[in-house]
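Note sheet for the following structure.
The values are calculated or read from the model by the stated rules, or taken from the named source; none is laboratory data. Quantities reported herein were computed from a predicted structural model and do not represent experimental measurements. When we count neighbours, we look across all protein chains shown, and the Cβ atoms used for this are built from the backbone with ideal geometry, even at glycine.
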Amino acid sequence: MPLFWNNVVFSLKVSGSLVCVLCLVDGERKPPMGYIYEAMDTAKEAISKSFKWDENRYEEIFRIIDIRWNIQLHCPLHGAGWFLNPEFFYSAKEVDEEVTNGLLLCIEKLVPNVSIRCKIDDELVKYKRA
Ligand SMILES: *[C@@H]1O[C@H](CO)[C@@H](O)[C@H](O)[C@H]1NC(C)=O
């Protein structure tokens, strides 16, 4: 039945990229924290591409992914991990606001002392200038 095979193709298009993210998260080859944010972004891009950017065909899937991502997976630490990963930070055209906010939230949580936080801000300026 063609409908069955269409559903199989749909499932493969959606799950292929997501399985890569899961391998990264569960794998032990490298510490994943600095890579999760980017991997999720890349997976969603791959999914939209596989549907030739026809949003009607994947918006329902994105809705499900976003809910999962927001309530279960996404946390400021992933943003901080992206920010502090030189591989992404120095090759990005621009830094996502969500990423910067994640880093700032982590610093705020980990470092209650304001004068030490100011020192970290100074260091961040140096980091940004590489
Ligand atoms: C904050 O850190 C500074 C510098 O390390 C230290 O001199 C100061 O006592 C700390 N303040 C508090 C409230 O812990």
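Remarks
- Candidate set: the stretch 71-126, residues that are over 21 Å from the mean Cα position of the chain (by Cα) and assigned to a loop (DSSP other than H, G, I, E, B); chosen: the one farthest from the ligand (Cβ to nearest atom): VAL111
- Of the residues screened, HIS78 is one that is within 19 Å of CYS20 (Cα to Cα) and at pLDDT 85 or above.
- Residue in the stretch 57-64 that is in a helix (DSSP H, G or I) and either closer than 16 Å to VAL25 by Cα or hydroxyl-bearing (Ser, Thr, Tyr) (or both) present: yes
- Filter pass, LYS52 being in a loop (DSSP other than H, G, I, E, B), out of contact with any Pro (no Cβ under 6 Å at 6 or more places or on another chain), modelled with pLDDT under 85 and of a type outside the set (A, V, I, L, M): no
- Hits in the stretch 1-17 - residues which are free of Cβ contacts under 8 Å to residues at least 12 places away in the same chain and β-branched (Val, Ile, Thr): VAL8, VAL9
- Every pair of residues 6+ apart whose Cβ atoms lie under 9 Å, when the first sits in the stretch 103-126 and is free of Cβ contacts under 8 Å to residues at least 12 places away in the same chain while the second is part of a helix (DSSP H, G or I) and within 11 Å of the ligand (Cβ to nearest atom): GLU108/ARG117; VAL111/ARG117
- Residues that are surrounded by 14 or more Cβ atoms within 10 Å (Cβ to Cβ) and either touching a Leu at 6+ places or on another chain (Cβ under 6 Å) or not aliphatic (A, V, I, L, M) (or both) within the stretch 99-126 comprise THR100, ASN101, GLY102, CYS106, ARG117, listed in sequence order.
- Test: residue in the stretch 69-76 that is of a type outside the set (A, V, I, L, M, F, W, C), over 21 Å from PRO31 (Cβ atoms) and out of contact with any helix residue (DSSP H, G or I) (no Cβ under 6 Å at 6 or more places or on another chain): yes
Yes/no matrix, rows are residues, columns are (1) farther than 29 Å from ALA130 by Cβ; (2) surrounded by fewer than 17 Cβ atoms within 10 Å (Cβ to Cβ); (3) touching a Lys or Arg at 6+ places or on another chain (Cβ under 6 Å); (4) in contact (Cβ under 8 Å) with a residue 40 or more places away in the chain:
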| position | (1), (2), (3), (4) |
| --- | --- |
| VAL19 | yes, yes, no, no |
| LEU22 | yes, yes, no, no |
| ALA39 | no, no, no, no |
| GLU45 | no, yes, no, no |
| ILE65 | yes, no, no, yes |
| ASP96 | no, yes, no, no |
